[in-house]
Amino acid sequence: MKGLAMLRLNAVGWIEKDAPRCGPLDALVQPLAVAPCTSDVHTVWEGALGDRRDLILGHEAVGEVVEVGSLVRDFKPGDRVIVPAITPDWNSLEAQGGYSMHSGGMLAGWKFSNFKDGVFAEIFHVNDADGNLALLPSDMDPAEAVMLSDMVPTGLHGAELADVQYGDSVLVVGVGPVGLMAVAGAALRGAGRIYAVGSRAVCVAAARKYGATEIIDYRQGDLGAQVASLTRGQGVDKAIIAGGDVDTFADVIKALKPGGRIGNVNYLGSGDSVRIPRAAWGCGMGHKTIAGGLMPGGRLRMQKLASMLAVGRLDVAPLITHRFHGFDKMEEALMLMKDKPRDLIKPVVTL
């Protein structure tokens with residue numbers, strides 16, 4: 001089996017591996033469309049997960065089932081399916097406790113290209129198939145459906161973690177594909193003013209399409225000061241962090257009202273500590289809450305998000321700026337995600 005792998009830190013390449021085996025609850029899937037993610041970049045070029053050797057990359061895919069285990073009830077070979085980036089073990093205690101994404105340990109619901117080979121392969125393995133696969137609607141573009149694997153649920157989860165309510169003013173930091181879906185999520189949940197932080201023209205235009213009412217260019221001055229100017233010194237009710245680094249939290253804390261809430265869905269690929277400014281946090285008593293979470297995975301989530309695309313509630317087409325065709329294009333798409341040219345939002349490879 002051929003796959004595009006992290007060979008070691010700072011190195012990717014094609015390798016041959018034995019095909020995965022299918023357990024009784026599992027499925028083997030052949031990709032129809034895949035997308036590289038900034039998380040892959042963090043993993044390979046920042047060492048966010050530590051050194052990995054010959055680990056096949058990728059966690060965003062739509063595919064066709066080629067084999068199912070003896071206990072799988074709802075899927076069969078030939079089914080076209082959406083595969084979430086997060087594939088929990090649904091019989092775990094963590095899942096029963098409401099945190100399926102951490103089934104088996106911290107972040108352990110994220111298996112592809114973390115604990116096991118990912119989806120940039122001729123065949124990939126999906127655990128707990130009945131709980132983690134969702135049928136691809138017959139009239140849905142597989143390339144667009146790939147956005148449901150990670151970008152859509154992660155961005156929308158940012159709005160959930162921030163607990164955006166009707167009329168809230170919301171700051172969204174980062175307007176890459178996840179941040180754009182955070183803007184969309186805030187708008188869908190009834191936000192009033194949405195302040196989107198970014199600078200690339202293609203992303204800014206998409207942010208406005210998804211509901212941003214104001215754009216803040218972080219290169220034009222202190223973020224907290226810009227938010228204060230736009231809000232007459234009041235700050236924002238809620239904030240979603242979908243970009244930046246460990247120092248971004250300090251700026252966002254300053255921009256947040258007392259009683260405000262931050263939803264973080266940004267994968268912090270480097271840095272040892274998140275620094276919170278003491279005074280801006282109300283000396284620890286400002287009722288400024290930070291909630292950071294890995295997106296929910298699973299079949300039900302995928303089905304619900306697919307229904308939003310099907311009825312036109314959400315349009316993901318603007319996210320896809322670069323389309324490739326052919327298995328051998330995965331490396332080119334990944335390097336595009338690493339280099340991030342100014343006209344890029346998200347590349348997709350169809351097979």
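The values are calculated or read from the model by the stated rules, or taken from the named source; none is laboratory data. Just so we're clear, the structure is a prediction, and the values are computed from it rather than from any experiment. Neighbour counts run over all protein chains shown; Cβ positions are idealised from the backbone, glycine included. These accessible areas exclude ligands, DNA and RNA; they are computed on the full protein's heavy atoms, side chains included. Shrake-Rupley method; radii C 1.70, N 1.55, O 1.52, S 1.80 Å.
If you sort the three axes of the alpha carbon gyration tensor as a ≥ b ≥ c, you get a/c of 1.5 or more for segment 1-130 and a/b no higher than b/c, which makes it oblate. Here's the picture: a label point sits 7 Å out from the Cα of E46 along the beta-carbon direction, and within segment 157-184 the residues with their amide nitrogen under 16 Å of it are 173-179.
Surface composition of segment 1-126: carbon plus sulfur atoms hold 50% of the accessible area, using a 1.4 angstrom probe and ignoring ligands, DNA and RNA.
Dipole magnitude for the chain: about 1020 debye, using +1 per Lys or Arg Cβ and -1 per Asp or Glu Cβ, origin at the Cα centre.
Oblate is the label for segment 233-283, because a/c, from the alpha-carbon gyration tensor with a ≥ b ≥ c as root eigenvalues, is 1.5 or above and a/b does not exceed b/c. Projecting the Cα positions of A225, I82, I123 onto the charge dipole of the chain (unit charges on Cβ atoms of Lys, Arg, Asp and Glu, taken about the Cα centre) puts A225 furthest along the positive direction. With a simple spin-label model that places each label point 7 Å from the Cα along the Cα-to-Cβ direction, the separation between F115 and R208 comes to 4.5 nm. What the phi angles of segment 95-108 give under the Karplus curve with 6.51, -1.76 and 1.60, with θ = phi - 60°, is a coupling list of 5, 5, x, x, 10, 4, 5, 10, 4, x, x, 3, 6, 6 Hz, glycine and proline written as x. Averaged over its residues, segment 23-181 has an accessible area of 34 Å² per residue, based on protein heavy atoms and a 1.4 Å probe. Relative to its residue count, segment 106-246 spans a Cα convex hull of 156 Å³ per residue.
The peptide list 172-185, 18-31, put in order of mean Cβ contacts within 10 Å with the highest first, becomes 172-185, 18-31. Taking the average, over residues, of other Cβ atoms within 10 Å as the packing measure, peptides 42-54, 236-248 rank 236-248, 42-54 from highest down. Out of (1) 60, 52, 32; (2) 60, 38, 38; (3) 63, 50, 39, which label holds the value of Cα extents along the principal axes in Å that was computed here? Structure-derived value, by its label: (2).
Note that segment 266-279 has calculated 3J(HN,Hα) couplings of 7, 7, 7, x, 8, x, 8, 9, 8, 9, 10, x, 4, 5 Hz, one per residue in order, obtained from phi through the Karplus relation 6.51 cos²θ - 1.76 cosθ + 1.60 (θ = phi - 60°); glycine and proline are x. Rolling a 1.4 angstrom probe over the protein heavy atoms with all chains in place gives segment 257-306 an accessible area of 54 Å² per residue. Once backbone amide H atoms are built at 1.01 Å from N, I240 has L171, V172, V173, G263 as its partners under 5 Å, excluding neighbours fewer than 5 places away on the same chain. Look at the dipole of the chain built from charges on Cβ: of S169, V202, W110, the Cα furthest out on the positive end belongs to S169. Extension gain, Q96 to R219, is 39.8 nm, computed as 0.36 nm per intervening residue step minus the present C-alpha separation.
Using θ = phi - 60° in the Karplus curve 6.51 cos²θ - 1.76 cosθ + 1.60, the 3J(HN,Hα) couplings for segment 49-66 round to 9, x, 5, 10, 10, 6, 9, 5, 8, x, 9, 10, 7, 10, x, 10, 5, 10 Hz; x is entered for Gly and Pro.
If the segment from M1 to R275 were pulled out straight at 0.36 nm per residue, it would be longer than the present Cα-Cα gap by 94.2 nm. Taking each of K111/K346; K257/K340; K116/K329; K254/K304; K257/K304; K238/K346 in turn, the alpha-carbon distance tops 28 angstrom for K257/K340; K254/K304; K257/K304. Normalising the Debye intensity of segment 233-351 to I(0), with uniform scatterers on Cα atoms only, and taking log10 at q = 0.18 Å⁻¹ returns -1.08. Counting only aspartates and glutamates at least 8 places from K17 when in the same chain, those with an alpha carbon closer than 12 Å to its own are D54, D117, E122.
Computed from the C-beta positions of D54 and K338, the FRET efficiency with R₀ = 22 Å rounds to 0.70. Secondary-structure-derived ellipticity at 222 nm for the chain, considering helices only, amounts to -6500 deg cm²/dmol, per-run term -39500 (n - 2.57) for DSSP H runs with n ≥ 4.
Annotation: amide H-H contacts under 5 Å for A134 (H modelled 1.01 Å from N, sequence separation of 5 or more, or interchain): I82. Across the chain, the relative contact order, built from alpha-carbon pairs under 8 Å that are at least six residues apart, equals 18 percent.
In this structure, the amide hydrogen of F112, modeled 1.01 Å from its nitrogen in the peptide plane, lies closer than 5 angstrom to those of T87, counting only residues at least 5 positions away or on a different chain. Computed over protein heavy atoms with a 1.4 Å probe, the carbon and sulfur contribution to the accessible area of segment 238-351 reaches 52%. Between Q303 and R232, the distance separating the two model label sites (each 7 Å from Cα on the Cα→Cβ line) works out to 4.8 nm.
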